[in-house]
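Supplied in structure tokens, the structure appears directly below.
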Amino acid sequence: MTAGSAAGSAAGTLPVRLERALRHAVKAARTPTRARTPQTGIRPNRERAEEVLSRLRGCQARLLATPADPGALRAMDDAAYTLCVLMGRPTAHGAVLAAEALLAEPAPDARQPTRP
């Protein structure tokens, strides 16, 4: 990272937000993950998870189309944060994976009680 930083400083400095995001991503990548225990407690609502995941993907498309639009960036940040909170995950990537796993599960039959 030092060589990359030196090369980056020779060519110009990175924007503060980009540098901070890069530093956070590198730290997260280097942090060992622990085995997740089965989730206990309240499970996220499938419909809400699908709604927020769809909104996140729409924001991704909007941000790709207009990367300089601050409104698109704010909308993407908001959707990612909402999905992280909803899924109980610390990163957007983890929240997306958890939401996709939830939506891949067979839907519970509405006529059957979920608890004994």
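The values are calculated or read from the model by the stated rules, or taken from the named source; none is laboratory data. Just so it is clear, the structure is predicted and the values come from calculations on it, not from any experiment. Neighbour counts run over all protein chains shown; Cβ positions are idealised from the backbone, glycine included.
If you go through the range 31-52 one residue at a time, how many are in a loop (DSSP other than H, G, I, E, B), at pLDDT 75 or above and surrounded by 10 or more Cβ atoms within 10 Å (Cβ to Cβ)?
Qualifying residue count, the range 31-52: 3.
OK, next. Do we find a residue being of a type in the set (Val, Ile, Thr) and not in a helix (DSSP H, G or I) anywhere in the range 78-91?
Among the residues of the range 78-91, at least one is of a type in the set (Val, Ile, Thr) and not in a helix (DSSP H, G or I), which makes the answer yes.
How many residues, within the range 85-101, are surrounded by fewer than 20 Cβ atoms within 10 Å (Cβ to Cβ) and either under 16 Å from ASN45 (Cβ atoms) or in contact with a strand residue (DSSP E or B) (Cβ under 6 Å, 6 or more places away or on another chain) (or both)?
Result for the range 85-101: 6.
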